[in-house]
Structure formats: structure tokens, C-alpha cells
Amino acid sequence: MRWNPMPIPDAATGESVDFLDGLVTMCGHGDPMGKEGCAIHMYTCNASMGDKCFTNSDGDMLIVPQVGTLDITTEFGKIMLAPHEICVIQRGVRFNVGIPDAAAPATRGYVFELYQGHLQLPDLGPIGANGLANARDFLYPCAAFEDRDCEYTVINKFGGKVSLHASSRTVCPP
């Protein structure tokens, strides 16, 4: 199965699309409430999420950018994600996606969502230490903290449905 890439939103026309607004489900199988199956999404965005964050209670998300860099802030810290890299956000972790590069202000890519279990590294097996990815080949979030008053929105996906929760805190999301 193959899809044409989604068109990148044009900021010159005033079209502002963040990561969640540009996330489109292409196909899926199974049931998130039964914790079995998966879904494949495509995304495109040209704006940061601002003072809102997303948490997926249905499953782990594997994010693969095709064009442009993403600045992902999780509860654990910041991750700068470039094309040819992947990022796994586990079930229940709050995150915010920003667009860091003013020279390339639009991004596009793919998201795989796994409802059953967690995404994990495979065992190395009989092909040896050089055959598969080792834990040392992976980046992890760089700790970060923001201390500012703000109102923000937490967007939660549970059972395939999205709900919004407004909150006011001193420590901003995620």
C-alpha cells in the first residue's frame, strides 16, 4: 500500500497547522480499548503547538519525520528530531511539538501507533552485536524545565476519542 505525501501547509497564505491539527489517520487495525492492533498516521505542520500538550492513552507512538525538524518536549525533557531519525513516545507521556528551524518552517512525516504492548529493541540473537541496533545508538531526552505562569490545554486521546482539558499552572507543559 502506498500514499502520496500530504501537501505542506503554506505559511505565506496564513495557513497555520500544528502537529495535532495536521495529524491524519491513514489506516488502522484492532481496537485501542482492547489494547490490540495498530494505526498509521501521516502529519504535516508549519506551527508549534504553543501552550498545549498531547497525551496518547491508547498506545505508543513512533514518529518518523520525512521533511523538516521537530522539537519535541516531553515530561522527561527535550528531543530534537531530524529526518532519518525516529522517536518513540510511550503511552501516557505528555508531549509538545515545536518547529525549531525558521529556514525550513514546515515538516511532514509519519506516525505509527501501537496499541498492544510497548515498542522495544529486539534481542541481538545469533547475528551478533553488529547486526541490529544497540541501546547505545539511541538518543534520549535532554532534561529541561520551564518556570512560567501560563494557561494551557492538555489534549488526551483515549479509546480513539480526543478530549480537551484546560488548566492553569506555574510550571508549563508538558
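The order of Glu113, Glu15, Glu85 by accessible area, most exposed first and with a 1.4 Å probe, is Glu15, Glu85, Glu113. Between the beta carbons of Lys161 and Ala12, assuming R0 = 35 Å, the FRET efficiency works out to 0.50 to the nearest 0.05. Size of the stretch 43-114: Rg and Dmax of its alpha carbons, in Å, are 11.4, 35.
Pairs of C-alpha atoms in the stretch 1-122 farther apart than 23 Å represent 28 percent of all such pairs. Here the stretch 59-79 is scanned for amide nitrogen atoms under 20 Å from the site 7 Å beyond the Cα of Gln90 along Cα-to-Cβ, giving 59-64, 72-79. Model label sites at His118 and Val64, defined 7 Å from Cα along the beta-carbon direction, differ in position by 2.2 nm. Taking all protein chains as shown and a probe of 1.4 angstrom, Lys52 keeps an accessible surface of around 50 Å².
For the stretch 37-63, the residues whose backbone nitrogen is under 18 Å from a point 7 Å from the Cα of Trp3, taken along Cα to Cβ, are 37-46, 59-63. The label-point distance for Cys142 and Cys27, in a model that sets each label 7 Å from Cα toward Cβ, rounds to 3.8 nm.
The values are calculated or read from the model by the stated rules, or taken from the named source; none is laboratory data. Please read all numbers here as calculations on a predicted model, not as lab measurements. We place every Cβ from the backbone using ideal geometry, glycine too, and count neighbours over all the protein chains shown. All accessible areas refer to the heavy atoms of the entire protein, side chains included, with ligands and DNA or RNA removed. Shrake-Rupley method; radii C 1.70, N 1.55, O 1.52, S 1.80 Å.
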